[in-house]
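Here is the structure we will look at, set down as structure tokens.
The values are calculated or read from the model by the stated rules, or taken from the named source; none is laboratory data. Since this is a predicted model, take the numbers as computed values, not measurements. Cβ: placed from backbone, ideal geometry, glycine included. Neighbour counts: every protein chain shown. Accessible surface is based on the protein model in full, side chains and every heavy atom, while ligands, DNA and RNA are left aside. Shrake-Rupley method; radii C 1.70, N 1.55, O 1.52, S 1.80 Å.
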Amino acid sequence: MGVYYPRSSDPAGAGFSGPISTAGPSELDVVKTRELEQFLADSGLYESKEEAIRREEVLGRLDEIIKIWVKNVCGAKGYSEQLVEGANAKIFTFGSYRLGVHDSGADIDTLCVGPRYVARKEDFFGKLYKMLAEMPEVQELHPVPDAHVPVMKFKLDSVSIDLLYAKVDLWAIPEELDILQESILHNVDEQTVLSLNGCRVTDQILRLVPHIQNFRTTLRVIRYWAKKRGVYSNVIGFLGGINWALLVARICQLYPNALPSFLVSRFFKIFKQWRWPNPVMLCPILGRPAWDNRKNSRCGQNVMPIITPAYPCMNSSYNVSTSTLRVMTEEFQRGHDICEAMEANEASWMTLFEPFLFFEGYKNYLQIDIAAQNDDDLRKWKGWVESRLRLLTLNIERGTNGILQCHPHPGEFSDKSRPFRYCFFMGLRRNQGVNAQEVEQFDMTSTVEEFKRSVCGHVSWKPTMLIHLCHVRRRNIPHFVFPGGVRPMHPVKEVVGSRVVMNARKRELNKVDEGFGSKKPLCLPSGNSNLAELTASTSMAPQKPLI
């Protein structure tokens with residue numbers, strides 16, 4: 001059922017195997033780990049004691065609110081006084097907060113588990129929403145009932161909360177409820193399974209790692225590195241928080257007695273050579289899994305399977321494409337090279353976390369401009385378009401037979417002088433195995449038109465929600481994407497006395513030279529335009545983007 005048992009000595013293709021080494025840390029590992037922990041502290045990655053206490057107080061207040069809400073719902077539905085007296089719901093946390101690796105000011109992912117008579121639509125998104133809307137300490141309340149995993153977003157006393165709801169088949173919710181028990185999935189709908197999954201996976205990870213504090217420190221490092229290098233985003237096809245947590249947990253299992261400095265080094269060494277699509281798993285898949293690469297054709301299309309350890313087991317990284325996997329593999333290689341240089345005292349931790357200069361990394365880019373009439377429409381439009389960008393990446397790969405590869409930027413940009421609009425960017429380059437002289441022109445008109453029809457077919461789309469795509473060369477990238485709105489005069493070069501690190505930087509800058517030959521690479525519009533030209537049905541005849 002999707003279980004792999006390769007040799008322990010061959011971890012690069014191992015889905016699940018025993019430890020590679022149980023050796024303890026060396027003196028150098030102890031020194032390097034102290035340096036690493038100091039670097040994390042100096043970088044401001046830990047919240048203050050005061051902020052930690054405040055978060056706990058907010059979670060306590062949220063728990064009070066949902067308990068009052070459940071009793072009110074129970075009473076309004078005419079149940080007995082005894083049932084009303086015992087009516088209860090329970091708040092669980094998951095994600096980075098539950099794992100203990102959250103940044104200062106980060107959202108708290110929370111789950112409300114309620115009894116069988118409290119409905120999601122009528123009671124959670126109905127009565128609870130109205131209750132929260134009337135509270136002065138609640139700000140920016142935004143329900144998203146139609147999301148794949150329905151969520152209520154808001155700030156409680158200025159702390160950002162993402163609240164999910166799971167209705168389980170129990171008349172009373174005990175305070176000691178164990179959500180890892182499979183019986184909790186009995187007689188529940190798919191949305192409840194998905195809502196429970198985050199908590200179940202997070203708790204299972206903490207149970208499966210051999211040393212929680214070493215896991216947490218290592219995960220902080222990898223999360224920070226991934227954000228700096230632009231590969232932290234599940235939505236657009238890279239990896240998100242839970243994906244990186246699963247990869248780090250696997251390394252901790254393979255080296256159970258190692259310290260974080262060694263675990264970081266082995267993280268890059270293992271995953272730079274991992275033979276995808278062999279899956280990463282923290283434990284064997286038992287029972288009837290939701291993920292099975294041999295029996296499910298859809299699972300077989302996943303290029304970088306990272307399997308969740310709680311039933312039902314799922315591939316948490318199904319958004320990854322061939323292009324984004326290629327970008328991450330290059331970053332794993334760079335991380336490995338720098339860790340080797342650090343072992344020779346030829347580099348520092350700071351080198352590892354140097355940001356990727358996205359707008360210097362490619363000669364050609366795809367620019368996606370969106371606009372709307374007001375903030376509320378723009379927020380909805382932005383979220384929807386962003387969620388579809390990974391499909392644009394896949395369609396470009398397929399439409400060019402894999403010759404053209406995409407590197408989506410994980411963020412969005414806006415020109416402050418022009419409200420209600422955002423820009424997304426993708427770096428474009430030919431496949432490294434393709435001769436530049438053989439590439440003449442890519443006609444992406446049909447791919448772009450198909451993407452526009454797809455996003456404009458959303459149920460919440462309005463005629464005032466606009467989109468435009470165009471090809472832009474590096475020299476024409478708008479200034480507002482750069483810090484301070486100022487384009488750098490020259491590429492920033494690392495000055496490192498290490499051949500290994502210089503080779504890592506050379507590979508990175510070589511992306512610039514991997515153009516499309518001497519001829520025009522894309523049959524797409526380029527240049528400049530005004531808002532009138534940015535329409536949902538914009539023709540792909542030559543015209544200029546919204547800049």
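Tabulated data
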quantity	calculated
Members of the stretch 84-99 found to be without any contact (Cβ under 8 Å) to a residue 40 or more places away in the chain and over 14 Å from residue 65 (Cβ atoms), listed by number	84, 85
Selected residue (criterion: most open to solvent (accessible area, probe 1.4 Å)) from residues of the stretch 90-108 that are closer than 15 Å to residue 52 by Cα and part of a strand (DSSP E or B)	93
Count of the stretch 1-55 residues which are part of a helix (DSSP H, G or I) and either modelled with pLDDT under 65 or among the aliphatic types (A, V, I, L, M) (or both)	11
Search result, residues across the stretch 158-184 that are closer than 30 Å to residue 384 by Cβ and either in contact (Cβ under 8 Å) with a residue 24 or more places away in the chain or in a strand (DSSP E or B) (or both)	159, 160, 161, 162, 163, 164, 165, 166, 167
Long-range neighbours under 8 Å by Cβ, at least six apart or interchain, first residue within 16 Å of residue 464 (Cβ to Cβ) within the stretch 380-399, second part of a helix (DSSP H, G or I)	384/455; 385/455
Subset tally (residues that are among the acidic types (Asp, Glu) and surrounded by 18 or more Cβ atoms within 10 Å (Cβ to Cβ)) for the stretch 322-353	4
Odd one out for residue 225, checked against (1) closer than 27 Å to residue 30 by Cβ; (2) open to solvent by 10 Å² or more (accessible area, probe 1.4 Å)	(2)
Single condition residue 232 does not satisfy, out of (1) open to solvent by 10 Å² or more (accessible area, probe 1.4 Å); (2) at positive phi	(2)
Sole residue being in contact with a Cys (Cβ under 6 Å, 6 or more places away or on another chain) and charged (D, E, K, R), chosen from 376, 369, 415	369
Residues of the stretch 26-59 satisfying the condition of being under 29 Å from residue 161 (Cβ atoms), basic (Lys, Arg) and in contact with a helix residue (DSSP H, G or I) (Cβ under 9 Å, 6 or more places away or on another chain)	55
Unique match (being touching a residue at least 40 places away in the same chain (Cβ under 8 Å) and under 17 Å from the mean Cα position of the chain (by Cα)) among 216, 229	229
Criterion: under 30 Å from the mean Cα position of the chain (by Cα) and either of a type outside the set (Lys, Arg) or not in a loop (DSSP other than H, G, I, E, B) (or both) - qualifying residue of 121, 71, 67	121
